[in-house]
Amino acid sequence: MQTDELENIAVEALEDLKALDIMSIDVRDRTSVTDVIIIASGNSDRHVKSLAGAVVTASKHAGVPPLGVEGEREGEWVLVDLGDVVVHVMQPRIREFYALEKLWSMTEEHRSKGEQG
């Protein structure tokens, strides 16, 4: 399955359960670990778990079972690893604290400036 198709499946699953602030970041030029990172928020631990569960179910139906799922028990931050697409579903306070979208959206210029001090 193409990365774009898998990304669309994950985003649609998140949208269907009313995920908040869904963001897809293409990281192909920044890491060899994955191609796309999707970040979304849920408004409670139950919502976060349900959102991640929907992504897992949708990907399985598409013939791409997750390589791993982490954080389901707590429901503050659940990571669904689909290989070429990694989905992070977080409660807003956790998302704000870790600021993954800022980290992965940094340009080379900003990284260089940050490293210099």
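What the table below lists for this structure:
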item: Verdict on residue 22 being closer than 20 Å to residue 101 by Cα, surrounded by 20 or more Cβ atoms within 10 Å (Cβ to Cβ) and within 12 Å of the chain's Cα centre (by Cα); result: no
item: Search result, residues across segment 45-67 that are surrounded by fewer than 17 Cβ atoms within 10 Å (Cβ to Cβ) and either β-branched (Val, Ile, Thr) or closer than 12 Å to residue 19 by Cβ (or both); result: 57
item: Residue, surrounded by the fewest Cβ atoms within 10 Å (Cβ to Cβ), within segment 25-41, restricted to residues that are in a loop (DSSP other than H, G, I, E, B) and in contact with a Ser or Thr (Cβ under 7 Å, 6 or more places away or on another chain); result: 27
item: Answer residue from segment 48-100, given it is of a type in the set (Asp, Glu) and assigned to a loop (DSSP other than H, G, I, E, B) and is farthest from residue 35 (Cα to Cα) among those; result: 74
item: Cβ-Cβ under 6 Å pairs, at least 6 apart or on other chains, segment 9-26 side in contact (Cβ under 8 Å) with a residue 24 or more places away in the chain, far side among the charged types (D, E, K, R); result: 23/101
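We did not get these values from a lab; they are worked out from the coordinates using the rules stated. Predicted, not measured: the structure shown is a model, and the values here were computed from it. As a convention, Cβ positions derive from the backbone with ideal geometry for all residues, glycine included, and neighbour counts pool all protein chains shown.
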